[in-house]
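Visitor: Here it is: the structure, laid out below.
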Amino acid sequence: MAKAQGTLWVVATPIGNLEDLSPRARRVLAEVDRVLCEDTRRTGRLLAAFGIRAELVSVHEHNESDRVPGLLTLLAEGSSMALVSDAGTPLVSDPGFRLVQAAAGAGLDVRPVPGPCAAVAALSVAGLPTDRFAFHGFLPPRAAARRAALESVSAGPSTLVFYETGQRLQAFFEDAAAVLGRDRPAVLARELTKLHESVYRGSLASLAEMAGRDPDVRRGEAVVVVGGAPAQPAEENEALLRRLLPALLEELPPSRAVRLAAKLTGQPRNRVYRLAMSLDGNDPEGPPEA
Ligand code: SAM
């Protein structure tokens, strides 16, 4: 009889404080045939702290693609493995995407063991809206590309989450203040769960100033959380739509004009549709889908 397929466990590990390794993560790491990790020395130390001996296989950014076929074969033959990264949740600004995509695509069993993640930990204490948030990981290090990336996310209402290295924090905040607005509320969460954990709150401009003045603020690992674009007052939106819609309706089929106007103003499509109808009897091909 063919041996049952193995499971690929995707296991979150601490982002600083070892007490954050869950009992389930510990059990899975102790039970699997192999632990796939970015850095065998680092993961070896983590496992040793919990008295776990495991066969470690290095899977990092530069060798992941090459490793995938062999690992899929082992899984299909019944081998079980745990994927971890240096810290936090694998695949979140960390390797593992190619392996998980391939394993899931091959119909293999892929299961999460959830736990620490710096982005979620920062959001949980930021005190900024969490009903909608967008994770952007690391922005490009070069100023022009970083500003362009910030431009592309500046209009959305979602809370924004970024990873950044300490040394780039001042430049990051200066660019963010220039592009997103000096007064946008922001939170800098650094060294979470570690000895020097600190959370600074303020406007983007005040955090830029603080990161420039205080070298301690620039030390260690950091997550930046920024409030979404402020909602425009209803009358302002209405006035904007009344200017936009006639111009768009002249150039585009009505349904496309409505869709584009809704996208540009962030207004619900139904509302834009009703306004378009009321302008001069346009019928944008029936009400839009929800
Ligand atoms: N996979 C990890 C996770 O789940 O958070 C993230 C890995 S990414 C390579 C490393 C970045 O995560 C750091 O540069 C920093 O932006 C953020 N980070 C990791 N640990 C952190 C901590 N203890 N406090 C604040 N930020 C942290």
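Visitor: Report the residues of segment 15-34 in range of a label on residue 76: point 7 Å along Cα→C-beta, backbone N strictly under 20 Å from it.
Guide: In segment 15-34, the label zone of residue 76 (backbone N under 20 Å from the point 7 Å along Cα→Cβ) covers 33-34.
Visitor: If you don't mind, there's one more thing I want to ask. Each residue of segment 13-27 in order: what ³J(HN,Hα) in whole Hz does its phi give by Karplus 6.51 cos²θ - 1.76 cosθ + 1.60, θ = phi - 60°, with x for Gly and Pro?
Guide: Residue by residue, segment 13-27 yields 10, x, 9, x, 8, 4, 5, 7, 6, 6, x, 5, 4, 4, 5 Hz.
Visitor: For residue 134 and residue 196 in the same chain, what is the full-extension length gain: residue separation times 0.36 nm, less their Cα-Cα distance, in nm? Walk me through the numbers on the way to the answer.
Guide: Details: separation 62, 0.36 × 62 = 22.32 nm, distance 2.65 nm.
In short, 19.7 nm is gained.
Visitor: Keeping every protein chain in place, order 236, 38, 61 by accessible area at 1.4 Å, biggest value first, i.e. largest first. It would help to have the intermediate numbers written out before the result.
Guide: Numbers: 236 100, 38 45, 61 125 Å².
Ranking 236, 38, 61 by accessible area, largest first, yields 61, 236, 38.
Visitor: So for segment 40-131, Kirkwood radius off the Cα pairs, Stokes-Einstein at 25 °C and 0.890 mPa s: how many µm² s⁻¹? Present the calculation step by step, with values, prior to reporting the outcome.
Guide: Details: Rh = 15.0 Å.
For the chosen part, D equals 164 µm²/s.
Visitor: What number results when the radius of gyration of segment 1-47, computed over Cα atoms, is divided by 2.2 N^0.38 Å?
Guide: Numbers: Rg = 12.5 Å, N = 47, 2.2 N^0.38 = 9.5 Å.
My calculation over the Cα atoms of segment 1-47 gives 1.32.
Visitor: Then there is this: Could you report the chain's accessible area per residue, 1.4 Å probe, as an integer in Å²?
Guide: On the way: 15430 Å² over 290 residues.
Accessible surface, normalised per residue, equals 53 Å².
Visitor: To continue, here is another question. On the Cα set of segment 62-102, report Rg and Dmax in Å, please.
Guide: 10.5, 30
Visitor: Please turn the phi angles of segment 253-270 into ³J(HN,Hα) values with the Karplus equation 6.51 cos²θ - 1.76 cosθ + 1.60 (θ = phi - 60°), one per residue in order, whole Hz, x for glycine and proline.
Guide: Result, rounded to whole Hz: x, x, 5, 6, 4, 5, 4, 5, 4, 5, 5, 5, 9, x, 8, x, 4, 4.
Visitor: Size of the dipole of segment 68-194 about the Cα centre, Lys and Arg at +1 and Asp and Glu at -1 on the beta carbon, nothing else charged, in debye to 20? Intermediate results must be reported in sequence, preceding the final value.
Guide: Values: 11 positive and 11 negative charges, 54 e Å.
Dipole about the Cα centre, nearest 20: 260 debye.
Visitor: Can you pull the Rg over Rh of segment 138-280, Cα-only, Kirkwood? Walk me through the numbers before you get to the answer.
Guide: Details: Rg = 19.4 Å, Rh = 17.1 Å.
Value, to two decimals: 1.14.
Visitor: Just in segment 21-88: which trypsin sites (Lys or Arg not before Pro) are loop by DSSP and have at most 15 other Cβ atoms within 10 Å? The partial results should precede the final answer.
Guide: Values: sites: 24, 26, 27, 34, 41, 42, 45, 53, 67; in loops: 53.
Within segment 21-88, the qualifying trypsin sites (Lys or Arg not before Pro) (loop, at most 15 other Cβ atoms within 10 Å) are 53.
Visitor: What whole-number distance in Å separates the alpha-carbon centres of segment 50-121 and segment 251-276?
Guide: 43
Visitor: Continuing with the same structure: Assign unit charges at the C-beta atoms only (+1 for Lys and Arg, -1 for Asp and Glu), then state the dipole size of segment 198-267 relative to its Cα centre in Debye, rounded to the nearest 20. Intermediate values should be presented prior to the final figure.
Guide: Details: 9 positive and 9 negative charges, 34 e Å.
So the magnitude is around 160 debye.
Visitor: Working from the pairwise distances between different alpha carbons, so that the mean of 1/r is found and then inverted, what is the chain's Kirkwood radius in Å? Intermediate values should be presented prior to the final figure.
Guide: On the way: mean 1/r = 0.0453 Å⁻¹.
Taking the inverse mean of 1/r over all distinct Cα pairs, the chain comes out at 22.1 Å.
Visitor: Computed over the Cα atoms of segment 198-271, what is the convex hull's projected area averaged over all directions, in nm²?
Guide: Dividing the Cα hull surface by four gives the mean projection, 7.6 nm².
Visitor: Roughly how many nanometres apart are two label points built 7 Å out from the Cα toward the Cβ at residue 209 and residue 252?
Guide: So the two model labels end up 4.2 nm from each other.
Visitor: Within segment 119-154, find all residues whose amide N lies under 18 Å from a label point positioned 7 Å from the Cα of residue 97 along Cα-to-beta-carbon.
Guide: 119-120, 134-141, 146, 149-150, 153
Visitor: Projected onto the charge dipole of segment 25-92 (+1 at Lys/Arg Cβ, -1 at Asp/Glu Cβ, origin at the Cα centre), which of 48, 81, 63 gives the Cα projection farthest towards the positive end?
Guide: Positive-end residue among those listed: 48.
Visitor: Using the basic label-point model (7 angstrom from Cα toward the beta carbon), what is the residue 45 to residue 66 distance in nanometres?
Guide: Calculated label separation equals 2.6 nm.
Visitor: Let me ask another. Note the full-extension length gain between residue 165 and residue 18 as 0.36 nm times their separation in residues minus their Cα-Cα distance, in nm to one decimal. List each step's numbers first, then the result.
Guide: Numbers: separation 147, 0.36 × 147 = 52.92 nm, distance 2.18 nm.
Additional length available on full extension: 50.7 nm.
Visitor: Please report the carbon-and-sulfur percent of the accessible area for the chain; probe 1.4 Å, protein heavy atoms only, DNA, RNA and ligands left out. Mind showing how you got there, number by number?
Guide: Details: 7980 of 15430 Å².
Accessible surface attributable to carbon and sulfur in the chain totals 52 percent.
Visitor: Moving on to the next point. Computed FRET efficiency, Cβ-Cβ of residue 31 and residue 106, R0 35 Å: what is it to the nearest 0.05? All intermediate terms of the calculation are to be shown ahead of the outcome.
Guide: On the way: r = 22 Å, r/R0 = 0.64.
Result of the calculation: an efficiency of 0.95.
Visitor: Here is a further query. Hand me the trypsin sites (Lys or Arg not before Pro) from segment 141-238 located in a DSSP loop with no more than 14 other Cβ atoms within 10 Å, in residue order please.
Guide: On the way: sites: 142, 146, 147, 168, 182, 190, 194, 201, 213, 218, 219; in loops: 142, 182, 194, 219.
Passing sites in segment 141-238 are 142, 182, 194.
Visitor: Right, here's the next one. Can you tell me what share of the DSSP beta bridges in the chain is antiparallel? A percent to the nearest 5 is fine.
Guide: Working: 18 of 36 bridges.
Around 50 percent antiparallel, to the nearest 5.
The values are calculated or read from the model by the stated rules, or taken from the named source; none is laboratory data. Fair warning: this is a prediction, and the values are worked out from it, not measured in the lab. No Cβ is skipped: glycine too gets one built from the backbone with ideal geometry, and neighbour counts run over all protein chains shown. These accessible areas exclude ligands, DNA and RNA; they are computed on the full protein's heavy atoms, side chains included. Shrake-Rupley method; radii C 1.70, N 1.55, O 1.52, S 1.80 Å.
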